[in-house]
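The values are calculated or read from the model by the stated rules, or taken from the named source; none is laboratory data. Being a predicted model, the structure only gives us computed values, none of them experimental. FYI the Cβ positions are ideal-geometry reconstructions off the backbone, even for glycines, and counts take in every protein chain you see.
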Protein chains: 2
Amino acid sequence: MEERQARTAFAALSQETRLRIVRLLVQAGPEGMAAGAIAQAVEVSPSNVSFHLKDLEHAGMIVPRREARSIIYSADFTGLRDLIAFLMKDCCAGHPEICAPALVAAQCRPSTNNTTRKKAHA
Amino acid sequence: MEERQARTAFAALSQETRLRIVRLLVQAGPEGMAAGAIAQAVEVSPSNVSFHLKDLEHAGMIVPRREARSIIYSADFTGLRDLIAFLMKDCCAGHPEICAPALVAAQCRPSTNNTTRKKAHA
DNA sequence: TCCTCATTTCAATGATTATTGAATTGTAGG
DNA sequence: CCTACAATTCAATAATCATTGAAATGAGGA
């Protein structure tokens, strides 16, 4: 991943509506959601959700597919992984054992509450 | 982590100079770097780097400590982990086995080249 | 204590970015 | 074919953010 694309992705995630959309779609999984349903869920106008969906797609955070009259959007898990990898690349100058314990908890796993700090378990 | 704080963090990472600073400090590890050294490395004015360092500190992405006359900044690995965890929380509605394979490669480990796509190896 | 150096603060300017509602595209069902 | 519906595009407005240089702060060494 290039720096330019990473910045575009982070900028996309820095906006309230867009961050909600991405998290909604991350939780929805590969099945995804229609643009209209997303608009209802995050409570914005169709025109506005379209604007943000385009931005997220351009940022490589979500991916669209047509299904009947609707357009279904789902999280781009590859794009998300690449973004995180870019941010953490060469962490601790090639000695990941230093910071890895602080990062493993960040992995994708079910959790109803993230406010309690989790211990790393390699 | 709260949504508001996550947005602040993503906004911080969406700016060219700030993203370079964070990646520089991620690679530098816990040892960190002085503000002046960072300014030289990313080639911006002291005033400008100070502005961005404050923003990154406020976003919970870096942490400062005084050492003699200098102020040493290092990456806040806990903050970074929390941010990623927030983004990926409850992924795939509690069935992480669906998206986890796409995310494990994002972990902190040494790599000289990230342009070649890495296979997930659980 | 005085002087020096590293960093921060400040005010002003220029440049992106989100939002809104109306109009448009394009897909399918009757 | 034509109507209805889902989604997007467009232009205008309002708000937020990065950059610059000069001035100020604050900690240490002599």
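Pairs linking a residue in the stretch A:40-52 that is closer than 13 Å to A:TYR73 by Cα and polar (S, T, N, Q) to a residue that is near DNA strand D (Cβ under 9 Å from one of its atoms) and modelled with pLDDT of 95 or more, with Cβ atoms under 8 Å and 6 or more positions apart or on different chains, are A:SER50/A:ALA35.
Note on the stretch B:64-89: among residues that are among the charged types (D, E, K, R) and out of contact with any Lys or Arg (no Cβ under 8 Å at 6 or more places or on another chain), the one that is nearest to B:GLU16 (Cα to Cα) is B:ASP76. Is one or more of the residues making up the stretch A:11-34 more than 14 Å from chain B (Cβ to nearest Cβ) and either of a type in the set (S, T, N, Q) or within 11 Å of DNA strand D (Cβ to nearest atom) (or both)? Yes, that holds for at least one residue.
Residue count for the stretch A:78-97, restricted to those that are in contact (Cβ under 8 Å) with a residue 40 or more places away in the chain and either of a type outside the set (Gly, Ala, Ser) or exposed (fewer than 15 other Cβ atoms within 10 Å of the Cβ) (or both): 5.
None of A:MET33, A:MET61 is touching a helix residue (DSSP H, G or I) at 6+ places or on another chain (Cβ under 8 Å), more than 30 Å from B:ARG20 (Cβ to Cβ), modelled with pLDDT of 95 or more and buried (at least 16 other Cβ atoms within 10 Å of the Cβ) except A:MET33.
I need every pair where a residue in the stretch B:1-23 that is touching a residue at least 12 places away in the same chain (Cβ under 8 Å) has its Cβ under 6 Å from the Cβ of a residue that is of a type in the set (D, E, K, R) and crowded, with 24+ Cβ neighbours inside 10 Å, sequence separation at least 6 or different chains. Correct list of pairs: B:ALA12/B:ARG18. Condition test on A:SER70, is it closer than 19 Å to B:CYS91 by Cβ and either surrounded by fewer than 19 Cβ atoms within 10 Å (Cβ to Cβ) or more than 14 Å from every other protein chain (Cβ to nearest Cβ) (or both)? Considered against the rule, which asks whether it is closer than 19 Å to B:CYS91 by Cβ and either surrounded by fewer than 19 Cβ atoms within 10 Å (Cβ to Cβ) or more than 14 Å from every other protein chain (Cβ to nearest Cβ) (or both), A:SER70 comes out as no.
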